[in-house]
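Heads up, the thing below is written out as structure tokens.
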Amino acid sequence: NSIIGDEYLWPTTVPYYFGDDLDINAKGVILKAFEQYRLKTCIDYKPWSGEKNYISVFKGSGCFSSVGNRRVGKQQLSIGAGCDRIATIEHEFLHALGFWHEQSRADRDDYVTIMWDRIEAGREHNFNKYDDTTSSSLNVPYDYGSMMHYSKNSFRNGTEPTIVTKIPSFSDVIGQRMEFSDSDLLKLSRRYNCTRTTTFLDTCDFELENICGMIQGQGDQADWERVSEAIGGPDMDYSNMGRCTGTGYFMHFSTINGMEGDSALLESRLLYPNRNYQCLQFFYYHSGNVNDKLEIWVREYNEANPDGKLRMIEVVNGLPEPLWQLHHLSLAISTKFRVVFKGTKGAGTSTGGISLDDVNLSETTCPEHVWRIKNFKSIMENTPMDTIIYSPRFRSKYGYTFQMGLYPNGTSTSPGELGAFAYLVSGDNATDDNLTWPCPWMQITMMLMDQHADIRKRMSNQRSITTDPNQKLQDSTMFTWDNPRKVGMEVEDADGTKYFRGPGYGTSVYLTQARALTRDFIKGGDAIFLLTMEDIAHLVSSQPVPTTVEPTTPSNLCTSVKCENNGVCVMDNDKIAVCRCAVGNDWWYYGDRCQYKSSNNDAMVTAVVSSVVVFAVMLVVTVVSVVCLRKKYKKKMNKTGGVTTTNMYA
Amino acid sequence: TSKITEYDVDGGKEDLFEVNQAAGLDLFEGDILFDEKEGR
């Protein structure tokens, strides 16, 4: 729920400043959080360039923020140790943007019961609620799934929950810190009058007959068809996975008939880029001949090519497989364009074709590597506790090789949780020898993808760790992130391949198993981890301080103004501190410090008395005037010898 | 062989409120800076 008052709003592009004390990993994760805001909301962030009010992010003791724009110039937001999780950062910035916790909204008692006797002594104030003159829920229903909601065990004094949801099935839903919920986004959008998001371009699950404005291309020999199943497979789409009868469409290019070389073009609607880099993500199903091809092209429009010019980007090299496969493609387009999916029938006979579903295009960077774990629910249930499974080794674009380790059934210290760790591992000798060791400032991100069709509605769970080249192994002089051949252990893959694995860094509380079973973390039985390594060495240096700074409101004039009787001091037009006085149904305070009280009764008495006084005064004035005039004219007539006439006829 | 193989960066703390509690913070609603001088 949001604080009422436009004075608490920020401009939709919020200036920020990163303090030098911030951890490098935290800086990287904050930038990732900003990207989520840009993808899903109209809120953008920019480095502070002298604006009067800005958010100063620093490493305090813990994670905290103020609520709303306090107009104090430098407004502090702390991302301390243990706070460098994307959801925590998004949570704190939602506070800064003017939102309180969900369970403090005025109507919360309709939805949750606060168990006052189970709250730690002295912490009861954490369960305050605000009435609807102070807070607004922006006409959005109570949101158990809000990332601003406490969890059921917050501030408890024992083992029993402090918050009991009136609908029991929501008891484990509250307290999620994965991503913005749909309602979080709706409220933010209403509060800031958003009309569009910053980096989102298009999404399509082909559920509607208009296929999101996509068109069949010209000059081809075949068409893509919108179907709910295809001969040769798939039997169902990816968006719904057969969950809803009568829905579940995808686009299919059949290669059963036709000639070798026949092609079909499916072109997206016109798109207008802002950032000049994009990520295209889609699922495809290849049930045709191994020689059938799926190519991604773009049609770019410019003055020289008003009808667009086709440019080939990539051939998707997936072999026929009986499953929907995820594919990412980085684009770098700066003019008006369309994305073109081109299917081509290859040599040989086919019993199927190529299918497409859940296309998303955004102006973001693509994840680098995909680790798909089949039958994930079964793996969670059947892997012994304290047992880790490892992803394949992935080589990043910087040359470093890394992998992820996952505890699918928790550890003895954190049962019921997925644990996730990242490791540097040895690659081939020649490459590793040419790399810088210890590995400097590489941020590894492990994301469990929420496979919802629309990228804006995904609540993927992600954690990042960063290689600090100066960090030492505990009780050792060796560097943690040194060459795994030096600080790691030799391990052997199931296929007998031997390599070295360095120390792991991560968390035993990555995501609860219960949450992993919700949403679309598992789809078609499979979980998908997206893994990326990014060089964030540029975040080591200080953020430049602007040379010219807009004058700030003298730190806060309100500190010198004392408003009485529950009045609130606010900055009027950023210049004058004024008191906003408390009002009730039939009373109000007034005066420069709200020192006077008035009410409807007082006003009535005042009005009656005033009326009587005015009437009396006017009566006196009228009588005096009449008397004076009479006297004056009588004298005048006497002087001129006039005759005073009286009525002569009745 | 005696090398530590994994570091848990969270120390088992699941939520930001646990992080704040462990840091000894007693902020308004767990993570909100509240300035009484401002009246809210």
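We did not get these values from a lab; they are worked out from the coordinates using the rules stated. As the structure is a computational prediction, the values presented were derived from the model and not from experiment. Using ideal geometry, Cβ is built from the backbone for each residue, glycine included, and neighbour counts are taken over all protein chains shown.
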Below 8 Å between Cα atoms, with a sequence gap of 6+, how large is the relative contact order for chain A in percent? 12 percent
Estimated 222 nm signal from helices in the protein assembly as shown, with DSSP H stretches of n ≥ 4 weighted -39500 (n - 2.57), rounded to 500: -4500 deg cm²/dmol
Along the principal axes of its C-alpha atoms, what lengths does chain A span, in descending order and rounded to whole Å? 137, 68, 55
By how many nm would the segment from A:K486 to A:L271 lengthen if fully extended, with 0.36 nm per residue of separation less the alpha-carbon distance? 72.4 nm
Listing A:F615, A:F394 from the residue with the fewest other Cβ atoms within 10 Å to the one with the most, what is the order? A:F615, A:F394
Show me the three semi-axes of the equivalent ellipsoid for region A:161-238, from the C-alpha gyration tensor (sqrt of 5 times each eigenvalue), largest first, rounded to whole Å. 39, 22, 9
Before anything else, pin down the relative contact order of region A:244-352: Cα pairs under 8 Å, at least 6 apart, normalised by residue count, whole percent. 45 percent
Expected integer from the mean partner chain Cβ neighbour count at 10 Å over A:469-475 is 1
Taking R0 as 30 Å, what FRET efficiency do you get between A:D172 and A:K52 from their Cβ-Cβ distance, rounded to the nearest 0.05? 0.10
In nm, spacing of pseudo-spin labels at A:T547 and A:L9 (7 Å Cα→C-beta vector): 3.4 nm
By how many nm would the segment from A:T622 to A:V315 grow when fully extended, if each residue of separation counts as 0.36 nm and the alpha-carbon distance is taken off? 100.5 nm
Projected label distance in nm at A:D495 and A:A332, using a 7 Å step from Cα toward the beta-carbon: 3.2 nm
When the charge dipole of region A:194-246 is computed with +1 on Lys and Arg Cβ and -1 on Asp and Glu Cβ about the Cα centre, the Cα farthest towards its positive end, among A:C194, A:P234, A:N210, belongs to A:C194
